[in-house]
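The values are calculated or read from the model by the stated rules, or taken from the named source; none is laboratory data. Every value quoted in this text rests on a predicted model; they were computed, and no experiment measured them. Don't worry about glycine lacking a Cβ; one is built from the backbone with ideal geometry, like all the others, and counts go over all protein chains shown. SASA here: full protein model, heavy atoms, side chains in, ligands and nucleic acids out. Shrake-Rupley method; radii C 1.70, N 1.55, O 1.52, S 1.80 Å.
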Amino acid sequence: MHFELTSETNFDFIFIFSDSFTLKMSPKSVLITGCNRGIGLELVKQFLALGSPPQHIFATFRTMSDELKKLGDENKNVYLLKMDITDIPSYHSIVKQVEEVVGEAGLNLLINNAGLLPTNRDLASVTPEDMRQAFEVNCVAPLFFTKEMFPLIEKAGKASGETGRSLSKAGVVQMSTAVASIAENTGGGLYAYRCSKSALNMSMKSMSQDLKDTGVLILAMHPGWVLTDMGGPNALITTEVCCKTMLETFESLSDKDHGTFLRYNNTPIPW
Ligand SMILES: NC(=O)c1ccc[n+]([C@@H]2O[C@H](COP(=O)([O-])OP(=O)(O)OC[C@H]3O[C@@H](n4cnc5c(N)ncnc54)[C@H](OP(=O)(O)O)[C@@H]3O)[C@@H](O)[C@H]2O)c1
């Protein structure tokens, strides 16, 4: 059976982006998980290409790739941090390493990008272990990593002295997927992936309520159906189009977007 990594109501082909030098998106620091390949790797490249690139780009990886190593070697503002996101006890040391670099300025933006699409996708093949692994990577890890990082993110918001929410000031992006939408699921299948990302959306929503007084902008984003190992060869957009458009969307987000579920091209997705 063939499953597509896009919603049944597909708006993935509508994209907008302008040249990077026109983007004013300018967090002083950003941490992205899962940067050795795919969307995470391209996000690092696109942050580096901004008119005002972040002073500190923390790129976590589980397996080093040549491309990520090169980005780290060639750019003083790229810090490579090894982390398996299911290793919750290691979070404390990652936070300490980030804190040593950013100090009292805090961390402006956390993008929980690392994710897992188990290979058993239909009702006949899905296993309890697929469900557990997907929940661990796609829901448990982003929730607890955000909790551990949050004091540094809140600090960045306060240090900015700005009013109103923005991802340049202080934000958390949970990388979700349109196939997590219950309202749009007419295709079935993808049990472990869909369920774990719907649960991620719910934990994002609760955090956005519980932490609303901190002024940190928290939301879930679908990056589009993207040509990566996960997206496969039939996907609709390149990592470059995905990440350029996402940064354009990031730039425009404000108070009204807190606790929402958006496509990379800034269109809402029904829960
Ligand atoms: N591509 C799409 O069409 C699409 C559509 C909707 C949503 N998304 C979401 O976008 C995000 C990125 O997707 P992608 O297409 O770039 O996927 P990808 O090419 O499969 O890359 C997945 C990334 O997650 C990392 N990762 C997985 N498990 C990990 C763990 N336990 N610890 C640390 N890192 C781990 C991988 O590291 P290793 O190399 O070490 O495994 C890799 O860097 C995911 O959250 C995905 O669900 C993608």
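Annotations for the structure displayed:
- Evaluation of Ser198 against (1) open to solvent by 10 Å² or more (accessible area, probe 1.4 Å); (2) among the small types (Gly, Ala, Ser); (3) closer than 16 Å to Tyr264 by Cβ (one fails), failing number: (3)
- If you check Ala134, Ala199 for being modelled with pLDDT of 95 or more and within 11 Å of the ligand (Cβ to nearest atom), only one passes: Ala134.
- Any hit, segment 17-33, residues being within 12 Å of the ligand (Cβ to nearest atom) and either at pLDDT 95 or above or under 16 Å from the mean Cα position of the chain (by Cα) (or both): yes
- Scope segment 65-91; condition within 19 Å of the chain's Cα centre (by Cα), surrounded by fewer than 14 Cβ atoms within 10 Å (Cβ to Cβ) and more than 14 Å from Phe145 (Cβ to Cβ); matching residues: Lys82
- For segment 237-247, the set of residues classified as in contact with a helix residue (DSSP H, G or I) (Cβ under 9 Å, 6 or more places away or on another chain) and in contact (Cβ under 8 Å) with a residue 24 or more places away in the chain consists of Ile237, Thr239, Glu240, Cys242, Cys243, Lys244, Met246, Leu247, listed by residue number.
- Filtered by the rule that a residue be of a type outside the set (A, V, I, L, M, F, W, C) and either open to solvent by 80 Å² or more (accessible area, probe 1.4 Å) or in contact with a Cys (Cβ under 6 Å, 6 or more places away or on another chain) (or both), segment 209-233 gives Gln209, Asp210, Lys212, Asp213, Pro223, Gly224, Asp229, Pro233.
- Checked against the criterion of being among the β-branched types (Val, Ile, Thr), assigned to a helix (DSSP H, G or I), within 14 Å of the ligand (Cβ to nearest atom) and within 23 Å of Lys96 (Cβ to Cβ), the candidates Val140, Val173 yield just one match: Val140.
- Output for segment 197-252, where each listed residue is assigned to a loop (DSSP other than H, G, I, E, B) and in contact with a strand residue (DSSP E or B) (Cβ under 9 Å, 6 or more places away or on another chain): Leu211, Val216, Pro223, Gly224, Trp225, Leu227, Gly231, Ala235, Leu236, Thr238
- Check on Leu236, within 13 Å of the ligand (Cβ to nearest atom), of a type in the set (A, V, I, L, M) and surrounded by fewer than 24 Cβ atoms within 10 Å (Cβ to Cβ): yes
- Residue within segment 145-160 that is buried (at least 19 other Cβ atoms within 10 Å of the Cβ) and either part of a loop (DSSP other than H, G, I, E, B) or without any contact (Cβ under 8 Å) to a residue 12 or more places away in the chain (or both) present: no
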